[in-house]
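Structure, as structure tokens:
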Amino acid sequence: MSAETRMRSGVLSWQECARLCKSPSPLPHVAIGFVWGQTDHVLRRFLETTALPHLRRLHIESPAWDGGPGRLFRGLAALGRPLDEMSVVTSLDLARRRLVTFTVRVDPNGEPITVWSLPSEPPLEGELDAAICGLGLPRPPVPAGTTGA
């Protein structure tokens, strides 16, 4: 997908996001999708910039399991810039064959919830809890398609 196509669809790459965060003129109501690399300054970019006051959705792939995604979701809310939704794609195994998607949003009571979905296999005992804890996401996770989701 080209940068032009992503811009039209409302989803930006990390490089485009980094440039936008340094820009004096923000885009309203944007969604950003990126791979969270080990050396990226994601938290600093999002929590210290005022260039994205209308950021609504994030799609993050391969984040480091250091609690960063959860800190990002809570940090933006604390700054008065809450996200409508944040999806995080990560792997439950080192071979990256068992990908899981966590979607974090706020429920009607104002509480953050995490919904998970696997493309094929059910998770093994404790895998989801380990991933949720490592990513710093709200607990307990709710399976996609259930009444709690």
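Where a number appears in this text, it was derived from the coordinates with a stated rule and is not lab data. This is a predicted model, so every value here is computed, not measured. Here Cβ is always computed from backbone atoms with ideal geometry, including for glycine, and neighbour counts include all displayed protein chains.
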Radius 14 Å from Cβ of Leu135, net charge of other residues (Lys, Arg +1; Asp, Glu -1): -1
Residues whose placed amide H lies under 5 Å from that of Gly67, excluding near-sequence neighbours: Leu135, Gly136
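Quick check: residue separation of His54 and Arg19 times 0.36 nm, minus the Cα distance between them. What number comes out in nm? Write down the numbers at each step before the final one.
Working: separation 35, 0.36 × 35 = 12.60 nm, distance 1.60 nm.
Full-extension gain reported as 11.0 nm.
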In sequence order, calculated HN-Hα J values of region 103-111 (Karplus, 6.51, -1.76, 1.60; Hz; x Gly/Pro): 10, 10, 8, 9, 7, x, 8, x, 9
Interchain or long-range residues, amide H under 5 Å from Ile32's placed H: Leu12, Arg57, Leu58, His59
